[in-house]
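Okay, so here's the structure we're looking at.
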Amino acid sequence: MKVHLLRSLVNPITLAGVVLFTISCVLVTDQPHMLMLTAAQLILVPVVLLQIIEFSRLNRVVTWIAMLSVFLLQFVSWSGGKLLLSIIYVGFTLLIASNGLKRFFRRGFTNWAEISIDVGLMYLFIGGLWFFAYINGVDTGFGPLITWLTAIHFHYSAFLLPVSLGLFGRIHESPMYRWIVPAILAGPMLVAIGITFWPILEVLSVLVYIVAIYSLIGLSFRTRFASRLQAFLIRISYSALGVTILFSMLYALNSAFGFLYVSIGFMLLFHGLVNCILFGLAGVIGWGVSPPSSRQETCTFPVSRIKGGVQWTGKKHPGLVDDLKDFVDVDSLPHSIVHFYEHTEEYQLTASVKWASWFKPMAWCFKLISARMQQLNLPLSSKSTVMTGEILQVDPDLDGREQPRVWVRKVDQSTVFAAIYSRHETDGRTFMNIALPLPYSSMVGILQLKEFNGSLILTSEGKGDPGVYLAAGDILFKLPLSEHFLIQETSQGSLAASHNMKIFGMHFLNIEYMIYPRV
């Protein structure tokens, strides 16, 4: 514990922030409430960053300069000097936001805890922009005080809370947590939009925020922390939010309907100080006691090196797999399913594509692109259509995976899919590793296979490797997509397959296949 405290709370950056903030408290007497933002900029933000980012020498230098610029801004009256110093701080927040963006693109939609931290880092840049607008008197459509309040909102509610929520997610995982994260991450933007354009939206967003915050408080009291001190501080931090968010609701109700009057002055004194000291400071120290490590697993499975624009040539191959029993126990499966995967060339397919109504406008737009790519080029009509195709061997030296073969499926003469099938093994289990070449990239589907009541299920859902990814260069980005195949025998030798896809958990595509032996 002492090592973590020394690293997070007792180091040159933190000590410098405390010294600069103490001097500010002594010298700044005309508007002491402004120090709540200064506290975040000089102490809370740097301490949190030390817990989640590996600080290079450049990062340390930039942080030192940004902290000094914030300190000097309290005393510089020359407009040119204020402009320069505020640009330095905005540049610092942009550097932090870019770090969050890089973290996200290295991983994708794989871990709600890390996504929460990523979004918090990116939100800090918005706080920097509002701080810049306040310092330089930029006309935002609001008065200076509201502009300043928006800046502090994005430093506390949009940066500190998502990062704290992400650190909490490193030690806690539950279905409720996976609901809380998107609710809290959307909150700062919805509240800001509501304040700007539609007060009723502000009320609704604060209401959702309240439910999420109180759910988080409940989870914190059911979670085991690294120490009693950490548990006490984090629970105090979240409980403080549970109190202050109620006054935010009263303030939002007053803005929307003009009753339950809560003044900005009261919000500054009570809401601001409680958030600064009990939420911000207690939370930062609490995580500093023993910062939890990320549980993000690194994907190590092989990815196809083939990108879009390939003219497929090569010897024909009989099936998508050489032996289906390498993937799943075939003893309980009908022979026809096994035979189809091992001798796919001996079958013909008809397909009926059904897009979800809400997704059809996007499907029409994507059709303009997919028709040119000759990839993912699905029909817009739900009419049953014959799909022709062939399976060709692919050079493993070109692809980089084990025994690749491409299944090219067409409707008339237009290519619908060109999917390169391979396999890989992780922890003793064999997965289907499928790549769809795209311009300068490829879409990768990692499917696990299982038998269920005499049917075969292939799904991208599950812990570990399964998922749908976008591979570009060294980046392997997990997409918010999932796919589920159900293949079953309908009559002797004939099969039916249902392919369902979701995005962000919402169904958007269903393809029904009828599979018959070639005559």
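Binning every alpha carbon pair distance of region 337-451 at 5 Å from zero, what are the percents per bin? So the P(r) values, bin by bin, are 2, 10, 16, 21, 21, 15, 10, 4, 1. Using only alpha carbons, region 324-517 has a radius of gyration to Kirkwood radius ratio (Rg to Rh) of 0.93. Helical runs (DSSP H, four residues minimum) scored at -39500 (n - 2.57) apiece and divided by the length of the chain put the mean residue ellipticity at 222 nm at -15000 deg cm²/dmol. Measuring between their Cα centroids, region 146-180 and region 86-120 lie 13 Å from each other. Using the Cβ-Cβ distance between Gln74 and Ser98 with R0 set to 25 Å, the FRET efficiency from 1/(1 + (r/R0)^6) comes to roughly 0.40.
Remark: the Asn510-Trp179 segment gains 116.6 nm on full extension, using 0.36 nm per residue and subtracting the alpha carbon distance.
Using θ = phi - 60° in the Karplus curve 6.51 cos²θ - 1.76 cosθ + 1.60, the 3J(HN,Hα) couplings for region 131-145 round to 5, 4, 4, 5, 5, 9, x, 5, 6, 9, x, 10, x, x, 5 Hz; x is entered for Gly and Pro. Using 1/(1 + (r/R0)^6) with R0 = 25 angstrom and r between the beta carbons of Met189 and Leu145, what's the FRET efficiency to the nearest 0.05? That gives a FRET efficiency of 0.75. Average projection, convex hull of the Cα set of the chain: 28.6 square nanometres. Of interest is the spacing of the C-alpha centroids, which for region 311-356 and region 468-499 amounts to 13 Å. Here the extension length gained between Thr22 and Asp323 equals 101.3 nm, from 0.36 nm per residue of separation less the Cα-Cα distance.
All of the numbers you see were taken from the coordinates with simple rules; none came from a lab. Treat the numbers as computed from the prediction; the structure is a model and nothing was measured. Glycine gets a Cβ as well: all are built from the backbone with ideal geometry, and neighbour counts include every protein chain shown.
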